[in-house]
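The values are calculated or read from the model by the stated rules, or taken from the named source; none is laboratory data. None of these values were measured; they are calculated from a predicted model. The area values use the complete protein model at the heavy-atom level, side chains included, leaving out ligands, DNA and RNA. Shrake-Rupley method; radii C 1.70, N 1.55, O 1.52, S 1.80 Å.
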Amino acid sequence: MGNLAPHGLGRVAGRNAAQTRTTLLEAAAYWFARKNYDHVNVREIAERAGVAPALINRYFGSKALLFSELLAEAGHTVNPLDGDITSLGERLAAFMQADPEEARELPGGASLMMLLNSIASIGVQDLVVDHVRQLATRRLVDMLEGAEREERGALIFGYLIGCLMIRRMVPLTPTTSLCLAGAIQHCVAARP
């Protein structure tokens, strides 16, 4: 952090406010896509951004508000849910089977990993659950046809969260990936 200005106020020489804000958002997205919200600290975000930790509070007010802004931005990006509904199960199963680094590099992958990683975080659980509900309603439920679309959309997210937990214990195999794809497609095709 040798690029801090000598007055020690956390200002970085040669940066403007918009650039610093963007750099902080990118650094936070990097960490939140890799770790649970509760395990990310402002120092590592600031270090990755090359700024003083105090700038997170200056620009966003808190780590939670920074995370909230990232979630808001995630709702406007390309998402693994986007695309043909008939291949949704295959796309999401491939996403979950991919190596975490590869999954984060897929379109919308970092945003989805950020949500899935932090769903059980005490500090932002309500925020994440609300965002998942909005995402499921806005994108997934609109894609589904027939009755009980909200419930089926929530079940699909439940499958993803469950697979994330299982993947932390054992890798998903091609067979388990096929099971996930089938379960998701069953939710898509079900029209009670």
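Considering only alpha-carbon pairs that sit under 8 angstrom and 6 or more positions apart, the relative contact order computed for region 57-192 is 32 percent. Over the chain, DSSP H runs of length four or greater, each weighted -39,500 (n - 2.57), average out per residue to a 222 nm ellipticity of -19000 deg cm²/dmol.
Rolling a 1.4 Å probe across all protein chains gives T22 an accessible area of roughly 70 Å².
One Cα centroid belongs to region 38-106, the other to region 168-192; the line between them spans 23 Å.
Pair-distance distribution of region 50-115: all C-alpha pairs, bin width 10 Å, starting at 0; shares per bin in whole percent are 19, 38, 28, 12, 3. Protein-only accessible surface at a 1.4 angstrom probe places the residues T23, T175 in the order T175, T23, largest first.
For region 36-79, pairs of C-alpha atoms spaced more than 11 angstrom apart make up 68 percent of the total. For L178, the accessible area of its heavy atoms, probed at 1.4 Å with every protein chain present, is near 130 square angstrom.
Computed as a quarter of the hull surface, the mean projected area of the alpha carbon convex hull for region 96-151 stands at 4.7 nm². Over the Cα atoms of region 37-192, each weighted equally, I'd like the Debye log10 I(q)/I(0) at q = 0.09, 0.13, 0.18 Å⁻¹, rounded to two decimals. Debye output, listed in q order: -0.32, -0.63, -1.11. Ranking H131, H186 by solvent-accessible area of protein heavy atoms (1.4 Å probe, all protein chains present), from largest to smallest, gives H186, H131.
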